[in-house]
Each structure stands twice: as C-alpha cells, then as structure tokens.
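The values are calculated or read from the model by the stated rules, or taken from the named source; none is laboratory data. The structure displayed is predicted, hence computed values, not measured ones. A quick note on method: Cβ atoms are made from the backbone with ideal geometry, for glycine too, and the neighbour counts reach across all protein chains shown.
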Amino acid sequence: MKIFWGILVFSIGAVWQTCGGGLWRTSMAGPSSKFVSTSSLSKIGRSPAQKALNQSQYAQARIQKISMENFGLIQIQPKPKRLFIHMRYADSTNFLHQPVYPNSCGCFVHPYALKLLDKALDILEKEYPDLGLLIWDCARPLSVQKQLWEKAEIPRTEKWKYLSHPERGSVHNFGLALDLTLADTSGRPLDMGTDFDHFGPEAQPVMEDILWKNGVLSEHVLNNRRLLRRIMRRAGFFPIPHEWWHFNAMSRRTASEKFSLIP
C-alpha cells in the first residue's frame, strides 16, 4: 500500500509540505499553490517513513483545499542586497521557540502590499543604497493566529498589544501586513533595541521617547526605528503603537470589508 501511494503521489507531480497548521501543495513544475487546512496532518511527511501519505491519514483528517492564489496572494522573492526573507515562525527564533511553519514555507502577500513594498525598496535604493529590508513574517493563516494566541505566555491584559484575538483577526490574516526591519546589504539587521517578538515596553513605538529619556533605548536605536517608519510610511504602510517591526498596508476594518480571512 505504501508503495502504491508513493507512486500515486509522484505520478500526479506534487510534493506535500506542512505549513502553518495545514499543508502547502507544491507542483513539481511551479511554486507553492495549495493550502490544506488541517492540524491533524502537521507531522505528515517529516520523516522517510511518512513521505508517502496513506489513505488512512487522509480519512482521519478533514481536508479543505484552499489555494492561496484564490485569495489573490503573491509569493515575495528575495532580491540580492535589497530584500531578505527569514520566516521566523519557520524555525525556533520566535517567542514559541519552535516552528509553526516549515522551513520551506514561502512569504505571501496581497498584491497591494507587494506594490507598497516595492515602493519602499525603491526609496531605499535611491536614498539609502547601503540598506535593504529583512522580512520576518507575511500572510498568516488564521489557524496559526489561534496557535500564537493560545500559546503566548503573556498576561491577557497585555496580550492584545502584541497579538490580535483570532475572533477579530490580524491584518496578517488577510496578507496585508508585514513584520520586517532594516538590514545592511548582507542581510544583517540594524540595531532596533529589541529582537522580533519582544513582548515588552522596549518594543513599543509609543514608549520610545520615555525609554530614551530613561536611557533604556539609545539615540542610535531611535534613529534606526524612525528611519524604518519613515520609509514604510512614505511607501504607504502604517506602523502600530506596540510593535516597531509591524506594518499594515491597510486597516483591519478596510481589509475585512474587502477581503476574506485566510483560514
């Protein structure tokens, strides 16, 4: 049976990879194209014994095939010395200290967000040619949003500052938000005072002036953050009060009125 399914999977020319609590279906001839929402298959295909997905595994899961392309999302491609991508939720360099995406998970965004990102890159190329952007997160399925909300060990009174409740949804869940920073041409991030996913006042733009006066944040750090915000604002993005790395291409209300959440 395993041999049969292995031949079948190969014959239809597809490779299945877990991504964000579901599955990406990647064509042998093209980029990632399908998302299958199911947490019960999150461990499939991660060892040689699991490479052939058998019928019982499919029967046990409620599989809903969702094409990211049907949501109008486009995969962002890195650009030498200008645009770098490190999906932090694809490894352990996040607040959960474990991956919720696979290493091969791509960075997808709405075309409108991509248009604004291109503007930001153009500004950097013309005015700051020694700088680029390093992206840490892009479109995020709602299933992953639920995981982050449930597993974040943050007091509920503070959690809303850093994570949107799944019932409300994040702009990430529409493919219209980016988590990113400035980087040099080799991809090394500039000093912003905290790392990505730092849950504390040091990460909050609204607290920067106070923390600078108290010597917690340096003027160098503030200048880097202000430059990042200035570039992103000029491109059309909006910063938020509690995460210096997060930028929205449009408001949550506008996104929810025009587009559907990614399950």
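Here are some notes:
- Counted residues, segment 248-263 - those being loosely packed, with under 14 Cβ neighbours inside 10 Å and at pLDDT 90 or above: 4
- In segment 163-186, the count of residues that are of a type in the set (Phe, Trp, Tyr), within 20 Å of SER92 (Cβ to Cβ) and out of contact with any Pro (no Cβ under 9 Å at 6 or more places or on another chain) is zero.
- Any hit, segment 164-184, residues being in contact with a Leu (Cβ under 9 Å, 6 or more places away or on another chain), assigned by TED's automatic domain parsing to the domain that holds LEU96, surrounded by fewer than 17 Cβ atoms within 10 Å (Cβ to Cβ) and under 19 Å from PRO239 (Cβ atoms): no
- Screening ASP137 with (1) touching an Asp or Glu at 6+ places or on another chain (Cβ under 8 Å); (2) surrounded by fewer than 18 Cβ atoms within 10 Å (Cβ to Cβ) gives one miss only, at (2).
- In this structure, ASN173 does not qualify as in a helix (DSSP H, G or I), over 21 Å from ILE74 (Cβ atoms) and polar (S, T, N, Q).
- Condition check for LEU211: modelled with pLDDT of 95 or more, farther than 16 Å from SER164 by Cβ and either β-branched (Val, Ile, Thr) or buried (at least 20 other Cβ atoms within 10 Å of the Cβ) (or both): no
Here's the yes/no breakdown for (1) in contact (Cβ under 8 Å) with a residue 60 or more places away in the chain; (2) closer than 23 Å to PHE71 by Cα:
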{"site": "GLN147", "(1), (2)": "yes, yes"}
{"site": "ILE154", "(1), (2)": "no, no"}
{"site": "HIS172", "(1), (2)": "no, yes"}
{"site": "LEU182", "(1), (2)": "no, no"}
{"site": "HIS198", "(1), (2)": "no, no"}
{"site": "ASP209", "(1), (2)": "no, no"}
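- Screening ASP118, ASP137, ASP122 for residues that are under 13 Å from the mean Cα position of the chain (by Cα) and assigned by TED's automatic domain parsing to the domain that holds VAL206 leaves exactly one candidate, ASP137.
- Checking the stated criteria, HIS246 turns out to be under 30 Å from PRO111 (Cβ atoms), in the same structural domain as ILE135 (by TED's automatic domain parsing) and out of contact with any helix residue (DSSP H, G or I) (no Cβ under 7 Å at 6 or more places or on another chain).
- Enumerated helices (runs of 4 or more DSSP H) restricted to segment 103-163, each holding at least 3 residues that are of a type in the set (A, V, I, L, M, F, W, C) and out of contact with any helix residue (DSSP H, G or I) (no Cβ under 8 Å at 6 or more places or on another chain): 111-127
- Enumeration of residues in segment 185-200 that are surrounded by fewer than 17 Cβ atoms within 10 Å (Cβ to Cβ) and either over 22 Å from the mean Cα position of the chain (by Cα) or of a type in the set (Ser, Thr, Tyr) (or both): THR185, SER186
- If the condition is being over 16 Å from SER164 (Cβ atoms) and assigned to a helix (DSSP H, G or I), then segment 228-257 contributes LEU228, ARG229, ARG230, ILE231, MET232, ARG233, ARG234, ALA235, GLU257.
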